[in-house]
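Quick notes on the structure that follows.
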Amino acid sequence: MTQQQLLALILRGHLIVVGEYRGGRAEAAGYVDQRTGEAIKYVRAIFLVECRCRGVIDRAIIRQKRVGIENPEEVAFPLEKGKHYAFFLEGFKIERGQFSGWMGEREPEPIEGSEEACGAP
(Lines give C-alpha, C1' and ligand atoms only; values in the text may rest on other atoms or scores of the structure.)
Protein backbone atom coordinates (compact mmCIF):
# COMPACT_ATOMS: atom_id res chain seq x y z
CA MET A 1 0.00 0.00 0.00
CA THR A 2 1.41 3.38 -0.97
CA GLN A 3 1.27 6.42 1.24
CA GLN A 4 -1.19 8.08 -1.19
CA GLN A 5 -3.57 5.09 -0.96
CA LEU A 6 -3.29 5.17 2.83
CA LEU A 7 -4.06 8.89 2.95
CA ALA A 8 -7.09 8.40 0.67
CA LEU A 9 -8.48 5.75 3.04
CA ILE A 10 -7.95 7.97 6.07
CA LEU A 11 -9.67 10.90 4.35
CA ARG A 12 -12.65 8.61 3.62
CA GLY A 13 -12.99 7.99 7.36
CA HIS A 14 -11.34 4.60 7.83
CA LEU A 15 -9.84 3.98 11.26
CA ILE A 16 -6.21 3.02 10.61
CA VAL A 17 -3.18 2.73 12.88
CA VAL A 18 0.22 2.79 11.22
CA GLY A 19 3.14 1.50 13.20
CA GLU A 20 6.25 -0.62 13.36
CA TYR A 21 5.49 -4.30 13.92
CA ARG A 22 7.37 -5.59 16.97
CA GLY A 23 5.91 -9.06 17.47
CA GLY A 24 2.82 -11.20 17.73
CA ARG A 25 1.32 -14.21 19.43
CA ALA A 26 -1.92 -16.18 19.41
CA GLU A 27 -4.10 -17.40 22.25
CA ALA A 28 -7.26 -19.43 22.69
CA ALA A 29 -10.31 -17.42 23.69
CA GLY A 30 -14.05 -17.79 23.89
CA TYR A 31 -17.33 -16.84 25.49
CA VAL A 32 -20.74 -18.30 26.28
CA ASP A 33 -23.62 -17.21 24.05
CA GLN A 34 -26.26 -15.87 26.45
CA ARG A 35 -29.20 -16.81 24.22
CA THR A 36 -28.25 -20.41 23.44
CA GLY A 37 -25.90 -21.25 26.32
CA GLU A 38 -23.38 -22.56 23.78
CA ALA A 39 -19.67 -22.12 24.42
CA ILE A 40 -18.06 -20.29 21.48
CA LYS A 41 -14.31 -20.87 21.12
CA TYR A 42 -11.96 -19.03 18.78
CA VAL A 43 -8.34 -17.97 18.43
CA ARG A 44 -7.22 -14.40 19.04
CA ALA A 45 -4.11 -13.02 17.33
CA ILE A 46 -2.34 -10.24 19.23
CA PHE A 47 -0.02 -7.79 17.48
CA LEU A 48 2.42 -5.53 19.33
CA VAL A 49 3.02 -2.32 17.39
CA GLU A 50 5.12 0.76 18.11
CA CYS A 51 3.49 3.99 16.98
CA ARG A 52 3.11 7.63 17.93
CA CYS A 53 0.29 8.16 20.36
CA ARG A 54 -0.17 11.59 21.92
CA GLY A 55 3.18 12.73 20.47
CA VAL A 56 5.42 10.08 22.03
CA ILE A 57 6.51 6.72 20.69
CA ASP A 58 4.34 4.22 22.47
CA ARG A 59 3.16 0.67 22.05
CA ALA A 60 -0.24 -0.39 20.82
CA ILE A 61 -1.80 -3.80 21.30
CA ILE A 62 -4.05 -4.82 18.45
CA ARG A 63 -6.24 -7.93 18.58
CA GLN A 64 -7.85 -9.89 15.78
CA LYS A 65 -10.33 -12.76 16.02
CA ARG A 66 -9.24 -15.56 13.68
CA VAL A 67 -12.23 -17.40 12.29
CA GLY A 68 -11.93 -21.05 11.30
CA ILE A 69 -8.82 -21.75 13.36
CA GLU A 70 -9.11 -23.81 16.54
CA ASN A 71 -5.49 -24.21 17.60
CA PRO A 72 -3.41 -21.09 18.46
CA GLU A 73 -0.28 -22.84 17.16
CA GLU A 74 -1.76 -22.81 13.62
CA VAL A 75 -1.73 -19.01 13.43
CA ALA A 76 1.01 -17.63 11.19
CA PHE A 77 2.46 -14.14 11.52
CA PRO A 78 4.01 -13.37 8.12
CA LEU A 79 4.83 -9.80 9.15
CA GLU A 80 8.45 -8.71 9.28
CA LYS A 81 9.67 -7.25 12.55
CA GLY A 82 10.76 -3.62 12.20
CA LYS A 83 8.66 -2.86 9.10
CA HIS A 84 5.76 -0.40 9.03
CA TYR A 85 2.25 -1.77 8.52
CA ALA A 86 -1.27 -0.35 8.33
CA PHE A 87 -3.72 -1.98 10.75
CA PHE A 88 -7.38 -1.45 9.78
CA LEU A 89 -9.29 -1.12 13.04
CA GLU A 90 -12.96 -1.59 13.83
CA GLY A 91 -12.56 0.11 17.19
CA PHE A 92 -10.12 1.08 19.93
CA LYS A 93 -9.87 2.22 23.52
CA ILE A 94 -7.28 3.93 25.66
CA GLU A 95 -7.27 2.61 29.19
CA ARG A 96 -4.74 3.68 31.80
CA GLY A 97 -2.63 5.19 29.03
CA GLN A 98 -2.52 1.94 27.02
CA PHE A 99 -3.88 1.95 23.45
CA SER A 100 -5.63 -1.23 22.41
CA GLY A 101 -7.58 -1.82 19.23
CA TRP A 102 -9.33 -4.64 17.43
CA MET A 103 -9.37 -5.51 13.75
CA GLY A 104 -11.83 -7.28 11.51
CA GLU A 105 -10.83 -9.93 9.00
CA ARG A 106 -8.62 -7.61 6.93
CA GLU A 107 -4.94 -8.41 7.39
CA PRO A 108 -2.32 -5.71 8.08
CA GLU A 109 -0.75 -4.30 4.91
CA PRO A 110 2.88 -3.16 4.51
CA ILE A 111 3.49 0.52 3.80
CA GLU A 112 5.60 1.15 0.72
CA GLY A 113 8.20 3.86 1.09
CA SER A 114 8.08 3.81 4.88
CA GLU A 115 11.88 3.94 5.06
CA GLU A 116 11.67 7.73 4.87
CA ALA A 117 8.99 7.87 7.54
CA CYS A 118 9.85 8.80 11.08
CA GLY A 119 9.77 5.62 13.15
CA ALA A 120 10.99 4.16 16.37
CA PRO A 121 14.72 4.36 17.08
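The values are calculated or read from the model by the stated rules, or taken from the named source; none is laboratory data. This is a predicted model, so every value here is computed, not measured. Note that each Cβ is placed from the backbone with ideal geometry, even for glycine, and that neighbours are counted across all protein chains shown.
Here are a few things to note about the model shown:
- Flag for R63 being of a type in the set (K, R) and touching a Lys or Arg at 6+ places or on another chain (Cβ under 6 Å): yes
- The single residue among G24, G13 that is in contact with a strand residue (DSSP E or B) (Cβ under 9 Å, 6 or more places away or on another chain) and either in a loop (DSSP other than H, G, I, E, B) or surrounded by 16 or more Cβ atoms within 10 Å (Cβ to Cβ) (or both) turns out to be G24.
- Entry remark, region 93-104: residues being modelled with pLDDT of 90 or more and more than 10 Å from the chain's Cα centre (by Cα) number 1 in total.
- Verdict on P110 being closer than 22 Å to Q4 by Cα and modelled with pLDDT of 85 or more: yes
- Scope region 1-44; condition of a type in the set (D, E, K, R) and either within 25 Å of E70 (Cα to Cα) or free of Cβ contacts under 8 Å to residues at least 60 places away in the same chain (or both); matching residues: R12, R22, R25, E27, D33, R35, E38, K41, R44
- Selection status of G37, out of contact with any Phe, Trp or Tyr (no Cβ under 7 Å at 6 or more places or on another chain), at pLDDT 90 or above and closer than 22 Å to E112 by Cα: no
- Taken together, the residues in region 40-58 that are among the basic types (K, R), at pLDDT below 90 and in a strand (DSSP E or B) amount to 2.
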